[in-house]
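Right, one structure below, let's go through it.
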Amino acid sequence: MHIVIAALLLALIVPGSAYAQVHVDIGINFPAPPQLVIVPAVPAVQYVPAAPANVFFYSGQYWVFNNGGWFVSRGYRGPWVVVGPQFVPRPLLLVPVRYYHAPPDHWKQWRHTAPPRWDQEWGREWADNRGWRGRGDDRDDRGDRGDRGDHGRGHGRR
């Protein structure tokens, strides 16, 4: 009888915790909606030129890269939710280094016209799982969805 009750309680608790989100204060506060400017290399993404941090807007959400991690919010005031690197949309990862207003120090030696070297940031396993080639010529998420066959998609998958 105790085992049945414990199993029922566990069944009620586990699904709820799987959907828990952690809201964090990342220290970015805008008094009004910030001005957005299109990132020319990735037109689907906009950035906030006046922000003291790495703030982007993509697909109706604000994204911030801060202290080596990504955060997302539906509004410019938050609440901010931590996002694992495996869930960051590819167009954000293609934004050139020059649009990061507060890049990590080691990025300053990288080419400013190319995306950050995410494979070096998050490791080979991340790069393999994401199909990341480590180059900025992987433009299937620029906003234009022209058919380019299987080029750049790996193993013929679409």
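Between amide H atoms placed 1.01 Å from N, distances below 5 Å from HIS101 occur with ASN54, VAL55, all of them 5 or more places distant or on a separate chain. Treating each Cα of the stretch 19-130 as an identical point scatterer and summing with the Debye formula, the log10 of I(q)/I(0) at q = 0.11, 0.16, 0.22 Å⁻¹ comes to -0.33, -0.72, -1.38. Restriction of the trypsin sites (Lys or Arg not before Pro) in the stretch 81-124 to DSSP coil positions whose beta-carbon has at most 15 other beta-carbons within 10 angstrom yields ARG111.
Values quoted throughout were computed directly from the atomic coordinates according to the rules given, and no laboratory measurement underlies them. Owing to the predicted nature of the structure, the values given are computational and were not obtained by experimental measurement. Note: ideal-geometry Cβ built from the backbone for every residue, glycine included; neighbour counts use all protein chains shown.
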